[in-house]
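The values are calculated or read from the model by the stated rules, or taken from the named source; none is laboratory data. Just so it is clear, the structure is predicted and the values come from calculations on it, not from any experiment. Because the Cβ atoms are built from the backbone with ideal geometry, glycine has one as well, and the counts that use them run over all protein chains shown.
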Amino acid sequence: MQKLNFPKYNFRFKNNENKTLIFDIIRKKFVILTPEEWVRQHTLHFLITEKKYPVSYINVEKQLLLNDTVKRYDIVTFKNDGDVEIIIECKAPSIPINQVTFDQIARYNLALNSNLLMVTNGLTHYFCKMDVKNKKYLFLRDLPEYNQLK
């Protein structure tokens with residue numbers, strides 16, 4: 001798989017029926033290794049290792065209902081009170097991050113009411129804080145560490 005713009009992490013792999021699988025540390029199972037999954041697994045390790053988010057506060061690929069349509073987010077982190085802290089949208093490295101990607105995560109945020117958003121294709125990462133009052137994103141240089149959150 002392609003080298004991504006993340007630190008180097010140790011992953012567990014296995015082969016099954018001519019498919020490569022990667023171990024998901026949140027779902028605690030092997031999943032098919034696609035380019036998007038490669039980005040998702042790097043992002044999970046980044047959250048846990050670099051940003052110190054507790055594993056128990058991270059959710060991966062869960063459904064949400066949005067305007068009577070079932071959608072599926074990539075990664076969500078929670079605060080200790082159960083509210084959503086960050087929504088993360090992962091794309092394959094070949095998919096450019098553009099307005100369509102931000103519109104997608106903004107729609108998810110209508111249902112989840114997150115403070116922070118992250119969009120990544122593994123090569124480029126965008127971090128935003130929601131300015132709810134003015135209905136816009138405030139771009140951040142980096143994602144805050146878990147212990148820096150209020």
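Looking at (1) part of a strand (DSSP E or B); (2) surrounded by fewer than 17 Cβ atoms within 10 Å (Cβ to Cβ), can you tell me which one A92 breaks?
Status for A92: all satisfied but (1).
Only one of these is within 12 Å of the chain's Cα centre (by Cα) and not acidic (D, E): I97, I105. Name it.
When all the criteria are applied, what remains is I105.
Pairs needed: first member in the stretch 126-150, closer than 15 Å to V84 by Cα; second member anywhere, at pLDDT 90 or above and hydroxyl-bearing (S, T, Y); C-beta distance under 6 Å; at least 6 residues apart or different chains.
Y146/Y53
This table checks each residue for (1) more than 18 Å from E89 (Cβ to Cβ); (2) at pLDDT below 95; (3) out of contact with any Lys or Arg (no Cβ under 8 Å at 6 or more places or on another chain).
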| position | (1), (2), (3) |
| --- | --- |
| K3 | yes, yes, yes |
| F13 | yes, yes, yes |
| N18 | yes, yes, yes |
| V31 | no, yes, yes |
| W38 | no, no, yes |
| T43 | no, no, yes |
| F46 | no, no, yes |
| S56 | yes, yes, yes |
| E61 | no, yes, no |
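Residues that are in contact with a helix residue (DSSP H, G or I) (Cβ under 9 Å, 6 or more places away or on another chain) and outside any strand (DSSP E or B): does the stretch 56-66 have at least one?
Among the residues of the stretch 56-66, at least one is in contact with a helix residue (DSSP H, G or I) (Cβ under 9 Å, 6 or more places away or on another chain) and outside any strand (DSSP E or B), which makes the answer yes.
What number of residues within the stretch 90-107 are more than 16 Å from N5 (Cβ to Cβ), in contact with an Asp or Glu (Cβ under 9 Å, 6 or more places away or on another chain) and of a type outside the set (S, T, N, Q)?
Total satisfying the criteria: 2.
Cβ-Cβ below 7 Å, separation at least six or inter-chain, first residue in the stretch 62-86 and more than 22 Å from D24 (Cα to Cα), second of a type in the set (D, E, K, R) and surrounded by 11 or more Cβ atoms within 10 Å (Cβ to Cβ): which pairs?
L66/R107
Suppose we keep only residues that are without any contact (Cβ under 8 Å) to a residue 24 or more places away in the chain, farther than 22 Å from Q148 by Cβ and of a type in the set (V, I, T) within the stretch 1-56. Which one would you say is surrounded by the fewest Cβ atoms within 10 Å (Cβ to Cβ)?
I32
Going by the conditions given, is V39 over 20 Å from M130 (Cα atoms) and in contact with a Pro (Cβ under 9 Å, 6 or more places away or on another chain)?
yes
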